[in-house]
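Participant: The structure's right below; bear with me while I get my questions together.
The values are calculated or read from the model by the stated rules, or taken from the named source; none is laboratory data. Owing to the predicted nature of the structure, the values given are computational and were not obtained by experimental measurement. Every residue, glycine among them, receives a Cβ derived from its backbone with ideal geometry; neighbour counts consider all protein chains shown. Only protein heavy atoms, including side chains, enter the accessible area calculation; ligands, DNA and RNA are left aside. Shrake-Rupley method; radii C 1.70, N 1.55, O 1.52, S 1.80 Å.
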Amino acid sequence: GPTCTVATVERMTGIDVHHAVVVDFLGFKHVVEALGGVDVCLTEAVYDRDSGLDLPAGWSTVTGDQALAFVRARKSLGDGSDIDRIQRQHQFLASAIRQATDRELILKPVTLYRMLDAATASLSVDPGLDQITEMASMAQSMRHLRPENISFVTMPFDYSPDGRDVLINDAKAGEIWAAIAA
């Protein structure tokens, strides 16, 4: 759960985590819908029975169940690995951020509050973020943040000898933790 996740991140990184937000599947769908959908692009059409993903090749705006299926699908997209799925989730978040900033969501208080209201219906937050005004303030504090200045990274890893698991590459991970801390 969230408490163990925060403790693990703090132990691995040496960085104190002051706030945590957990978005469940319903909350994820609500946020995407409040954004008006998120644009994704596929090189070929995909149908994934397990996730319910059914999209044509090219650009699509996904909302609700299709957005959730896009970020959860594994077997039908890429190489089927969790690492590939993580990279696709990074791409999805980057697209969502671009769309939110293109629409100047943070600069429009009514739209921002509508999106946060939709999101908070399915969010679990720590006591420091338990009011919509606190979350709106945090979002507005990022108003100068631009998508081109956001980097998504995956913790550096090596595959285990049998190839079934990933192991932290402590030397490379340390560089990332130091950069985040700075």
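Participant: Any residue at all in the range 12-25 that is in a helix (DSSP H, G or I) and closer than 27 Å to A171 by Cα?
Facilitator: yes
Participant: What is the number of the single condition among (1) surrounded by fewer than 12 Cβ atoms within 10 Å (Cβ to Cβ); (2) within 13 Å of M115 (Cβ to Cβ) that G1 does not meet?
Facilitator: Unmet condition: (2).
Participant: I would also like to ask the following. Considering L53, L35, which residue is modelled with pLDDT under 85 and open to solvent by less than 40 Å² (accessible area, probe 1.4 Å)?
Facilitator: Checking each option against the conditions leaves just L35.
Participant: Output the residue which, of all residues in the range 154-182 that are closer than 17 Å to T8 by Cβ and assigned to a loop (DSSP other than H, G, I, E, B), is nearest to the chain's Cα centre (by Cα).
Facilitator: Taking the candidates together, the pick is T154.
Participant: Can you tell me how many residues in the range 131-175 are within 26 Å of T101 (Cβ to Cβ) and either at pLDDT below 85 or of a type in the set (G, A, S) (or both)?
Facilitator: 21
Participant: Please give the number of the condition C41 fails out of (1) surrounded by fewer than 13 Cβ atoms within 10 Å (Cβ to Cβ); (2) within 30 Å of A179 (Cα to Cα).
Facilitator: (2)
Participant: Here is a follow-up. Return the pairs, sorted by first residue and then second, in which the second residue is open to solvent by 90 Å² or more (accessible area, probe 1.4 Å), the first residue lies in the range 141-156 and is over 14 Å from A179 (Cα atoms), the beta carbons are less than 6 Å apart, and the residues are 6+ apart or on different chains.
Facilitator: Cβ pairs passing all conditions: P147/R98.
Participant: Moving to a separate point now. Would you confirm, using the coordinates I've provided, whether R74 is in contact with a Lys or Arg (Cβ under 8 Å, 6 or more places away or on another chain), open to solvent by 50 Å² or more (accessible area, probe 1.4 Å) and modelled with pLDDT under 85?
Facilitator: It is true that R74 is in contact with a Lys or Arg (Cβ under 8 Å, 6 or more places away or on another chain), open to solvent by 50 Å² or more (accessible area, probe 1.4 Å) and modelled with pLDDT under 85.
Participant: Looking at the range 79-103, which of its residues are more than 13 Å from the chain's Cα centre (by Cα) and either among the β-branched types (V, I, T) or at pLDDT 90 or above (or both)?
Facilitator: Matches in the range 79-103: I83, T101.
Participant: As an exercise: evaluate D16 against (1) open to solvent by less than 50 Å² (accessible area, probe 1.4 Å); (2) under 30 Å from P127 (Cβ atoms) and give the number of the one condition it does not meet.
Facilitator: Condition not satisfied by D16: (1).
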